[in-house]
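Have a look at the structure below before the remarks.
Where a number appears in this text, it was derived from the coordinates with a stated rule and is not lab data. Fair warning: this is a prediction, and the values are worked out from it, not measured in the lab. So basically every Cβ, Gly included, is an ideal-geometry build from the backbone, and we count neighbours across all protein chains shown.
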Amino acid sequence: MRMEVKILENKDDVLEIEFDDKTVPNVLARQLNKEGVDAYVYEEHPLLAGYRLHIKASDPVKKLKKALSTVEDDWTELKKELTKKH
């Protein structure tokens, strides 16, 4: 099953993406916050599926790409550790 992702807004200083699951946007928001970026996840409406990642920064796409790379590196490292032990 593939994750559904929709870019809702892409401006110079704001990027908003909707995900069908809350796990990935929460991980990305946390990483972005660690890097000093204003980012948060919210549900537009409790009865409608969809979790929105809102990023406000200069060049938010660049900030998101950096966060994605960091998270990917962390998950790759975790996978290596699990592979060694099992």
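The figures follow:
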item: Rounded Å value of the spacing that divides the Cα centres of the stretch 62-86 and the stretch 1-43; result: 18
item: Degrees separating the helix 60-85 axis from the principal Cα axis of the chain, which is the longest one; result: 20
item: Trypsin sites (Lys or Arg not before Pro) within the stretch 1-40: DSSP coil, no more than 10 neighbouring Cβ in 10 Å; result: Arg2, Lys11
item: Under-5 Å amide H pairs with Glu35, H placed in peptide plane, nonlocal only; result: none
item: Helix-only CD estimate at 222 nm, as mean residue ellipticity for the chain, using -39500 (n - 2.57) per DSSP H run (n ≥ 4); result: -15000 deg cm²/dmol
item: For the stretch 5-85: lysine pairs under 17 Å (alpha-carbon distance), excluding those fewer than 8 apart on one chain; result: 13
item: Cleavage-rule hits, GluC sites (Glu not before Pro), the chain, DSSP coil, Cβ neighbours within 10 Å at most 10; result: none
item: Under 13 Å from the Glu77 label point (7 Å along Cα→beta-carbon), backbone N, the stretch 19-34; result: none
item: Mean separation of Cα contacts under 8 Å, 6 or more apart, over the residue count of the stretch 5-85: relative contact order %; result: 30
